[in-house]
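Contents: one structure, followed by commentary.
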Amino acid sequence: MAYATETDLTNTGLSAQIVGQLTTAQVTAYLAESSSVVDSYLRGRYSVPLTTVPESIRKATVNLAACDILQTLGYKPEEYDAGYKARCEKTLEWLKDISAGRASLGDVDDTVIHEGAARVYTSTPRGW
């Protein structure tokens, strides 16, 4: 499940001129791949794929897809916004913070609950 659409990509990520150089299937693949990257960071703390997609996750997916698309097309900072690389790095840092528990998604109801280790019992009390 992709957390963003082609419309999200052109509205908040890349210009329609850049996205227009790709087929719909290519854009869909970039968004799905970026969503998988996002899931890899969320997996330890949230049930993925998320059933409710916060705007922050949609934006992170768009940022990662935009970076991949620009790299594929041959990133040229003189033609494109030079801030894409920094935006991608910032997005990855934020995802690492979520993974490490230093940041959260807020009111997302897909939190994974860890109950702890199983208790082990023996038939004879050992007095430890």
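What follows is calculated from the coordinates using simple rules that are stated; it is not laboratory data. In this text, all values refer to a predicted model and were calculated from it rather than measured experimentally. All Cβ positions, even for glycine, are placed from backbone atoms using ideal geometry, and neighbour counts span all protein chains on display.
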Q.
Whole-Hz ³J(HN,Hα) for each residue in segment 64-69, computed from phi via Karplus 6.51 cos²θ - 1.76 cosθ + 1.60 with θ = phi - 60°, x for glycine and proline: what do you get?
A. 5, 5, 4, 4, 5, 5
Q | Per-residue ³J(HN,Hα) for segment 47-61, Karplus 6.51 cos²θ - 1.76 cosθ + 1.60, θ = phi - 60°, Hz, x for Gly and Pro | A | 6, 10, x, 5, 7, 10, 9, x, 4, 5, 6, 4, 5, 4, 5
Q: Taking H placed 1.01 Å from N in the peptide plane, check which residues at least 5 places from ALA103 or on another chain put their amide H under 5 Å from its amide H.
A: ILE98
Q) Counting only residues 5 or more places away or on other chains, whose amide H sits under 5 Å from the amide H of TYR46 once H atoms are built in the peptide plane? A) VAL112
**Q.** Rounded to whole Hz, the Karplus (6.51, -1.76, 1.60) HN-Hα couplings of segment 13-24, x for glycine and proline
**A.** x, 10, 5, 4, 4, 6, 5, x, 7, 10, 7, 4
Q. Computed over the Cα atoms of segment 6-100, what is the convex hull's projected area averaged over all directions, in nm²?
A. 5.8 nm²
Q) Could you give the dipole magnitude of segment 6-100 about its Cα centre, charging the beta-carbon of Lys and Arg +1 and that of Asp and Glu -1, in debye to the nearest 20? A) 260 debye
Q: Would you list which lysines come within 21 Å of LYS96, measuring only between C-alpha atoms, while excluding same-chain residues fewer than 8 positions from it?
A: LYS59, LYS85
Q.
Could you list GLU55, GLU33 so that the one with the fewest beta carbons within 10 Å of its beta carbon is first and the one with the most is last?
A. GLU55, GLU33
